[in-house]
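Here's the structure we're looking at; comments come further down.
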Amino acid sequence: MGKRWQIRKVNEAYLQRLVDNLGLPPVFARILLNRGITTPESGRDFLSPSLKSLEGLERLPGMAQALALFGRALREDWRILVFGDYDVDGLTASAILVRFLREFSKNIEVYIPSRFVEGYGLTEKAALQVLVRKPHLVVTVDCGIRDRDGARVLRKHGVRLVILDHHLPEPSSLPEADAIVSTFDLGTQKPLSLLSGAGLALVFVRALAAFLGFPRDPLEGFLDLACLGTVADVVPLLSENRAIAMYGLDLMNRCPSVAVQALLEAAGLEGRGVDAEAVSFFLAPRINAAGRIEHPKVALELLLCDDYGKALEYAQCLNRLNTKRQRDEDRILEEIFQDETKLECLEDEVIVLSGENWNIGVLGIVASRLSERFMRPVFVCGVHGDIAVGSGRSVEGLSLLEILESCAPLFLRYGGHEMAAGLKIPRENIPHFRKEANRRFGERVRSLRLSRGLVVDAVVGLADIDGRFLELWEKLKPFGEKNPSPLFATLNVMLVERWAWGKGGNHLRFLIRQGKEWQEAVVFGGKERAGELFESSLVDLAFEVDVNALRSPYLKVQDWRIKK
């Protein structure tokens, strides 16, 4: 297909050390090195994750103060309000905290703002709505670390505030709060943990359980919710996140909660194994759909529900909202590709797009799809009156926060992560943002894009893909951010048979041979891009491995080089 293939180079001494100490074939030792795992000890931890990796996280900044305040609040029966975000991570974090606190008190409320009314985080508008509930203590989850205005409103009215947030703090402008529990050093911004918002909520309730002398470890009850938030928020699936994801997926498959079981049935996945891919593509979008289209309340109700009949109703409602979400995305993309002015924007290195009355709930997904297609950072803004709200998605090697911070005077508000961010900007500043972002970062993006090829973990033969290979491949799961499914290459493969399949013949399937070995290969969505393979007989393939319902392996082809 024309992409340049890069075979990752590794340190041969480190490679041999992993082979000798872990008993791994060189191919899998190479994969570990490619993920930054260089010692036998870290290799064992990676291949056999343990929930012990969560130990010590109760010493994160602000934890001791937060535990002491919660101990007092529960003893004195304060009204406690959990304030969360409207995405999967925020909703699952809220559900973890609410479910646990209700073990001790009936005076627990929860408030999730609307994306369309209060906007993201503890805004001043949201804080005023919170005051109507008359809480004594507010705890934010998955938000709050940059919400100075909302925090000031609560403090002014005598409300105590605890912030649980995994987003990057701004040391010079931290909000006024009784305790800030962060995954970063609040003075230096040095990351201390990779946790998601839901992961941080899990760590907090576990620490609170120990502090209160609760008789059982809450891990088993909340790992599935923490897993949903961890996978959906695209945090690195390494270290403690890897343990949360792996054990959470195991719990979903072994003993799913009412909410997860209802989601699986609504998504048509009942009775099938749930992996990280199923969470990312089937469960998370349904939970997110509520906040993207209407109000996130129905998704929260599902996560807090213990009645299967009601849970299934909520899940089916999320199905309907998800269908509408897909239509809204398609409508925006269609407008972009039919508008000459917007087509010009797509030629920029940093793509900044805006449109009248675009549904701000789906802008992040639109930005993600465009970023993947054009291999550039993309910001998509929905203009409503004089103000635009936008979402950005980036490419590996360039932080969106770096772009946003360099243009900070143009925004009313911004925040997020390296790969995903949000912003609020006056309408008239959008052209200036486009110009400045490209002036400052255009050449860097171009250089990244031109240097980026297809990075292959290892070259293998078809004969290598045997039972032992699949056993070790399974141990690399769950795949996700910073631990992608390994990309292999195999050379000089004969295409023996080929046919189209799936709806509209959109996918291509091949029977391939290399020496005496035969294998099946698939190009998903390959109808338009893989026609040349029908005319070829000898190729090199870059592929991921997967297994079908019968647990037989097949190759998910990502790229190819025509030899004959």
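Where does the charge balance sit around Val378 when Lys and Arg score +1, Asp and Glu -1, over other residues with C-beta under 11 Å from its C-beta?
Summing Lys/Arg as +1 and Asp/Glu as -1 gives +1.
Against the longest principal axis of the chain, how steep is helix 12-22, in degrees 0 to 90 to the nearest 10, with axes from Cα atoms?
80
Can you tell me the FRET efficiency between Arg561 and Leu269 if r is taken as the Cβ-Cβ distance and R0 is 56 Å, rounded to the nearest 0.05?
The formula returns an efficiency of 0.95 here.
Taking a quarter of the surface of the Cα convex hull of the chain, what do you get in nm²?
26.7
Among Pro25, Phe116, Val162, which residue has its Cα furthest toward the positive end of the charge dipole of the chain, with +1 on Lys/Arg Cβ and -1 on Asp/Glu Cβ?
The residue sitting farthest along the positive end of the dipole is Pro25.
Enumerate the whole-percent occupancy of each 10 Å bin, from 0 to the last occupied one, for all C-alpha pair distances of segment 456-562.
For segment 456-562, the binned pair fractions read 14, 49, 31, 6 percent.
Excluding same-chain residues fewer than 8 positions from Lys134, which lysines have a Cα within less than 19 Å of its Cα?
Here the lysines satisfying the reach criterion relative to Lys134 are Lys106, Lys125, Lys156.
Give the angle, between 0 and 90 degrees and rounded to the nearest 10, that separates the Cα long axis of helix 239-254 from the longest principal axis of the Cα atoms of the chain.
Computed tilt is about 90 degrees.
Going by amide H atoms built from the backbone, whose H comes under 5 Å of the H on Ile180, apart from near neighbours?
HN-HN under 5 Å from Ile180: Ile163.
Report ³J(HN,Hα) in whole Hz for each residue of segment 361-378, in order, from the Karplus equation J = 6.51 cos²θ - 1.76 cosθ + 1.60 where θ = phi - 60°; Gly and Pro get x.
Each residue's phi maps through the Karplus curve to give x, 10, 5, x, 5, 4, 4, 5, 5, 6, 5, 5, 6, 9, 6, 9, x, 9 Hz.
Quick check: convex hull over the Cα atoms of segment 374-472, volume per residue in Å³, rounded to an integer?
135
Apply the Karplus parameterisation 6.51 cos²θ - 1.76 cosθ + 1.60, with θ equal to phi minus 60°, to every residue of segment 68-76 and state each ³J(HN,Hα) to the nearest whole Hz, in sequence, with x for glycine and proline.
For segment 68-76, the Karplus curve yields 4, 5, 5, x, 5, 4, 6, 5, 9 Hz.
Express in nm, to one decimal, how much length is gained between Leu343 and Glu443 on full extension, taking 0.36 nm for each residue of separation and deducting their alpha carbon distance.
34.0 nm
In whole Hz, what ³J(HN,Hα) sequence does segment 89-99 give by Karplus (6.51, -1.76, 1.60; θ = phi - 60°), x for Gly and Pro?
So the J values, rounded to whole Hz, are 4, x, 5, 5, 4, 4, 5, 4, 5, 5, 4.
Which residues among segment 453-486 fall inside the zone where the amide N is under 18 Å from a point 7 Å beyond the Cα of Tyr14, along Cα→Cβ?
Of the residues in segment 453-486, 455-459, 482-484, 486 have backbone N under 18 Å from the label point off Tyr14.
Kirkwood Rh, segment 245-347, all Cα pairs: how many Å?
In segment 245-347 this quantity evaluates to 14.9 Å.
Over segment 57-255, what number does the Rg to Rh ratio reach, with both radii from the alpha-carbon atoms and Rh per Kirkwood?
Rounded to two decimals, Rg/Rh equals 0.94.
In Å and on Cα atoms, what radius of gyration and Dmax does segment 230-302 show?
Radius of gyration, then largest Cα-Cα span, for segment 230-302: 12.4, 35 Å.
Taking R0 as 41 Å, what FRET efficiency do you get between Arg79 and Arg327 from their Cβ-Cβ distance, rounded to the nearest 0.05?
The pair Arg79/Arg327 has a calculated efficiency of 0.50.
Please state, as a whole number in µm²/s, the translational diffusion coefficient that the Stokes-Einstein equation yields for segment 183-307 at 37 °C and 0.692 mPa s, with Rh defined as the Kirkwood radius across alpha carbon pairs.
Translational diffusion coefficient: 213 µm²/s.
How far is helix 284-293 tilted off the main Cα axis of the chain, in degrees rounded to 10, range 0 to 90?
Result, in degrees: 50.
What residues qualify as long-range amide H neighbours of Gly415, i.e. H under 5 Å apart, gap of 5 or more or another chain, H built at 1.01 Å from N?
It is Gly422, by chain and number.
Would you mind putting 82-94, 188-200 in packing order, based on average other-beta-carbon counts within 10 Å, highest first?
Highest mean packing first, the order is 82-94, 188-200.
Bear in mind these aren't lab numbers, they're just calculated from the coordinates by the rules spelled out. Predicted model only: the values in this text are computed from it and were never measured. Cβ sites come from the backbone with ideal geometry, for glycine too, and all protein chains shown count toward neighbours.
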